[in-house]
1. Between 96, 71, 102, which is under 18 Å from residue 169 (Cβ atoms) and at pLDDT 95 or above?
2. Here are the criteria: (1) closer than 13 Å to residue 78 by Cβ; (2) away from the ligand (no atom under 11 Å from the Cβ). Tell me which single one residue 106 does not satisfy.
3. Only one of 171, 156 is surrounded by 12 or more Cβ atoms within 10 Å (Cβ to Cβ), over 17 Å from residue 33 (Cα atoms) and in contact (Cβ under 8 Å) with a residue 60 or more places away in the chain. Can you tell me which?
4. Taking the criterion of being under 14 Å from the mean Cα position of the chain (by Cα), surrounded by 14 or more Cβ atoms within 10 Å (Cβ to Cβ) and within 14 Å of the ligand (Cβ to nearest atom), would at least one residue in the range 84-91 satisfy it?
5. Considering each of 98, 94, 103 in turn, give the residue that is surrounded by 15 or more Cβ atoms within 10 Å (Cβ to Cβ) and over 23 Å from residue 39 (Cβ atoms).
6. Out of all the residues in the range 12-43, which are in a loop (DSSP other than H, G, I, E, B) and at pLDDT below 95?
7. Restricting attention to the range 110-134, report how many residues are within 13 Å of the ligand (Cβ to nearest atom) and assigned to a loop (DSSP other than H, G, I, E, B).
8. Among the residues of the range 135-151, write down those that are in a loop (DSSP other than H, G, I, E, B), more than 6 Å from the ligand (Cβ to nearest atom) and surrounded by 14 or more Cβ atoms within 10 Å (Cβ to Cβ).
Ligand SMILES: CC(C)(COP(=O)(O)OP(=O)(O)OC[C@H]1O[C@@H](n2cnc3c(N)ncnc32)[C@H](O)[C@@H]1OP(=O)(O)O)[C@@H](O)C(=O)NCCC(=O)NCCS
């Protein structure tokens, strides 16, 4: 099957790619806490009170980030959004880094190594971008944690009861 991963810097996604991405975000929204379509931003540190926000405000903020689009046979099957030149004051040791705000693969396409391909592409981005990659995931997301472990990510920080009484785990990897 023909698979390609397109890197779209902010503002560079075509209208058709934007429509496919919005449709995929809506499809997977409820798997996140809180659901993506109720978030007002990709950077909410405290996500408990997102009432009043709309899916479009979250989606428009997503478009201000870099995005890797995984396409199989002309169909968007997964994406990974990231910010460049991010800094987390709780993790001064890693300095400026790439921050992965979200990764998701279409439910029907999971378990075939597509998320691994997205991370591998991220790890091979040009050296002009920061060397460190940082992300946060829930302690209950065992598939994601297993994948990150095999890719060489290390656990850097655990935030107890981060969201919905589930611990948040920050992991990092130096490219
Ligand atoms: C987490 C997610 C991105 C993984 O996508 P994926 O394309 O299915 O992942 P991969 O196929 O690359 O698999 C990665 C590893 O997890 C394992 N895995 C994935 N799905 C699995 C499942 N349902 N059962 C058991 N293991 C599974 C795979 O075996 C693989 O490990 P291996 O290579 O050692 O065999 C996907 O499940 C998803 O979109 N989940 C919802 C969103 C989410 O949780 N995102 C992360 C937080 S931002």
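The values are calculated or read from the model by the stated rules, or taken from the named source; none is laboratory data. Keep in mind that what you see is a predicted model, and the values were worked out from it rather than measured. All Cβ positions, even for glycine, are placed from backbone atoms using ideal geometry, and neighbour counts span all protein chains on display.
1. 102
2. Result: residue 106 passes all but (2).
3. Values: 171 fails: in contact (Cβ under 8 Å) with a residue 60 or more places away in the chain.
Result: 156 is the single residue among 171, 156 that is surrounded by 12 or more Cβ atoms within 10 Å (Cβ to Cβ), over 17 Å from residue 33 (Cα atoms) and in contact (Cβ under 8 Å) with a residue 60 or more places away in the chain.
4. no
5. Selected residue: 94, the only one of 98, 94, 103 that is surrounded by 15 or more Cβ atoms within 10 Å (Cβ to Cβ) and over 23 Å from residue 39 (Cβ atoms).
6. 32, 33, 34, 35, 39, 40, 41, 42, 43
7. Counting residues in the range 110-134 that are within 13 Å of the ligand (Cβ to nearest atom) and assigned to a loop (DSSP other than H, G, I, E, B) gives 4.
8. 139
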